[in-house]
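Q: After the structure tokens below, expect a handful of questions from me.
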Amino acid sequence: MANWSLFGRRDLLGLTMTGVALGTLGPLARGARAQGTNQGAKLKIATIGAGREGGAIGTILAKQGHPVMFSSRNPDGLKDLVASAGPNASAGTVEQAVAFGDVVFVVVPYTAVEQIGKDHGKALAAKVLVMDVSNPIPRRDGEDFVKSVDAQGGPGVMTQKWLPGAHVVRAFNAIGSGQLTAEGHRAGEMAGVPIAGNDPKAIEVASALSRELGFEPVLVGDLAMGKYLRPGTPLGGVHTVAELKQIAATLK
Ligand SMILES: NC(=O)c1ccc[n+]([C@@H]2O[C@H](COP(=O)([O-])OP(=O)(O)OC[C@H]3O[C@@H](n4cnc5c(N)ncnc54)[C@H](OP(=O)(O)O)[C@@H]3O)[C@@H](O)[C@H]2O)c1
């Protein structure tokens, strides 16, 4: 059951974030708000995990003008990715990336998140936003692991438990790497992306970055609702903003 201590449910579903003031975040966020432009100072982005999804997200943001540091356990293997992402991109160890980023995207197999919290939790707690794009997937992570995550509140609640004090937002969990490029900044009505989080400022930054990735954010609730932000749920895949709001209103 979601904990609506921060917002009323209606308030949450009404926030597609277009009306959320970014003024408190200063020029960084105001620059990020300018969809598809490189105006204003740019948040430094780190990715932990630079495979299909982390690579795609970091590449888009690097091309939007953000300094991006990709990381994995084997940063030497990221040279091709860095070259294709362009001059704003670099690669480093996870420790270097966490130190580099104003915002950190966690885009790894979900089984890795607990250890990342043990190794880097203190540094991650100091970031304005930790974007949790990772999912527990039975065929990759094991049925028992996924059942255990779900029994403890699902991804979102568990990410927050493993990254204590971090300003976590879940987003882009069920938008595939190919869909990011194909549907981001698409012609006509912008595709929506469901997001879930507890911290208002982190939600604002996540919303601005979602727009830079070419998707209109729809806040569906707090991190307890993060359990629905994964492949195979009604919110999974690409939907319009109106569809996401309609689906989210049926979930609890
Ligand atoms: N693929 C998609 O379309 C998609 C869409 C939405 C969400 N997701 C989610 O995003 C996450 C990543 O998926 P993916 O498809 O991008 O996987 P992937 O292509 O296998 O990439 C995983 C990345 O994580 C790194 N990694 C693994 N363990 C790590 C650790 N302990 N510390 C640091 N880096 C680590 C890997 O590099 P090293 O092994 O070299 O460390 C690799 O760069 C998953 O949780 C997935 O469910 C994926």
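The values are calculated or read from the model by the stated rules, or taken from the named source; none is laboratory data. These numbers were taken from a predicted model, which means no experiment stands behind them. Cβ placement follows ideal geometry from the backbone for every residue including glycine, while neighbour counts extend to all protein chains displayed. These accessible areas exclude ligands, DNA and RNA; they are computed on the full protein's heavy atoms, side chains included. Shrake-Rupley method; radii C 1.70, N 1.55, O 1.52, S 1.80 Å.
Q: Please state which one of ALA50, ALA85, ALA89 is touching a strand residue (DSSP E or B) at 6+ places or on another chain (Cβ under 7 Å), surrounded by 24 or more Cβ atoms within 10 Å (Cβ to Cβ), within 22 Å of ASN173 (Cβ to Cβ) and small (Gly, Ala, Ser).
A: Going through ALA50, ALA85, ALA89 in turn, the sole match is ALA50.
Q: Considering only the range 166-178, I want to know if a residue exists there that is in contact with a helix residue (DSSP H, G or I) (Cβ under 7 Å, 6 or more places away or on another chain), away from the ligand (no atom under 15 Å from the Cβ) and in a helix (DSSP H, G or I).
A: Checked against the condition, which is being in contact with a helix residue (DSSP H, G or I) (Cβ under 7 Å, 6 or more places away or on another chain), away from the ligand (no atom under 15 Å from the Cβ) and in a helix (DSSP H, G or I), the range 166-178 yields no hits at all.
One line per residue, one yes/no per condition, for (1) under 25 Å from TYR228 (Cα atoms); (2) touching a helix residue (DSSP H, G or I) at 6+ places or on another chain (Cβ under 6 Å); (3) crowded, with 18+ Cβ neighbours inside 10 Å; (4) at pLDDT 95 or above:
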site: SER5; (1), (2), (3), (4): yes, no, no, no
site: GLY31; (1), (2), (3), (4): no, no, yes, no
site: MET69; (1), (2), (3), (4): no, yes, yes, yes
site: PRO75; (1), (2), (3), (4): no, no, yes, yes
site: ASP80; (1), (2), (3), (4): no, no, no, yes
site: VAL94; (1), (2), (3), (4): no, no, yes, yes
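Q: Would you confirm whether or not the range 116-129 contains a residue that is acidic (Asp, Glu) and over 21 Å from PRO234 (Cβ atoms)? Break it down into steps so the answer makes sense when it comes.
A: To start, the set of residues in the range 116-129 that are acidic (Asp, Glu) comprises 119.
Narrowing further to those that are over 21 Å from PRO234 (Cβ atoms): 119.
Among the residues of the range 116-129, at least one is acidic (Asp, Glu) and over 21 Å from PRO234 (Cβ atoms), which makes the answer yes.
Q: Taking ARG211 as meeting all but one of (1) surrounded by fewer than 24 Cβ atoms within 10 Å (Cβ to Cβ); (2) farther than 25 Å from ALA85 by Cβ, write down the number of the exception.
A: (2)
Q: Considering only residues that are within 12 Å of the ligand (Cβ to nearest atom) and surrounded by fewer than 19 Cβ atoms within 10 Å (Cβ to Cβ), look in the range 223-237 and name the one that is modelled with the lowest pLDDT.
A: At the first step, the residues of the range 223-237 found to be within 12 Å of the ligand (Cβ to nearest atom) are 229-232, 236-237.
From the residues that got through so far, the ones that are surrounded by fewer than 19 Cβ atoms within 10 Å (Cβ to Cβ) too are 231-232, 236-237.
Working: PRO231: 96, GLY232: 93, GLY236: 93, GLY237: 90.
Among residues in the range 223-237 that are within 12 Å of the ligand (Cβ to nearest atom) and surrounded by fewer than 19 Cβ atoms within 10 Å (Cβ to Cβ), the one modelled with the lowest pLDDT is GLY237.
Q: Next question, about the same structure. Does THR159 satisfy being open to solvent by less than 30 Å² (accessible area, probe 1.4 Å), of a type in the set (Ser, Thr, Tyr) and part of a helix (DSSP H, G or I)? Show your work before the answer.
A: Working: open to solvent by less than 30 Å² (accessible area, probe 1.4 Å): yes; of a type in the set (Ser, Thr, Tyr): yes; part of a helix (DSSP H, G or I): yes.
Against the criterion (open to solvent by less than 30 Å² (accessible area, probe 1.4 Å), of a type in the set (Ser, Thr, Tyr) and part of a helix (DSSP H, G or I)), THR159 qualifies.
Q: What number of residues within the range 179-196 are of a type in the set (A, V, I, L, M) and either at positive phi or assigned to a loop (DSSP other than H, G, I, E, B) (or both)?
A: From the range 179-196, those of a type in the set (A, V, I, L, M) are 180, 182, 187, 190-191, 193, 195-196; that's our starting set.
Those still in the list that are either at positive phi or assigned to a loop (DSSP other than H, G, I, E, B) (or both) too: 187, 190-191.
So the answer is 3.
Q: Could you tell me which of the residues VAL113, VAL108, VAL133 is open to solvent by less than 30 Å² (accessible area, probe 1.4 Å), farther than 18 Å from GLY232 by Cβ and either touching a residue at least 60 places away in the same chain (Cβ under 8 Å) or of a type in the set (Asp, Glu) (or both)?
A: On the way: VAL113 fails: either touching a residue at least 60 places away in the same chain (Cβ under 8 Å) or of a type in the set (Asp, Glu) (or both); VAL133 fails: farther than 18 Å from GLY232 by Cβ.
Unique residue meeting the criteria: VAL108.
Q: Let me ask you something else. Given (1) surrounded by 21 or more Cβ atoms within 10 Å (Cβ to Cβ); (2) within 14 Å of the chain's Cα centre (by Cα); (3) closer than 27 Å to ALA123 by Cβ, identify the lone condition not met by SER177.
A: Answer for SER177: the failing condition is (1).
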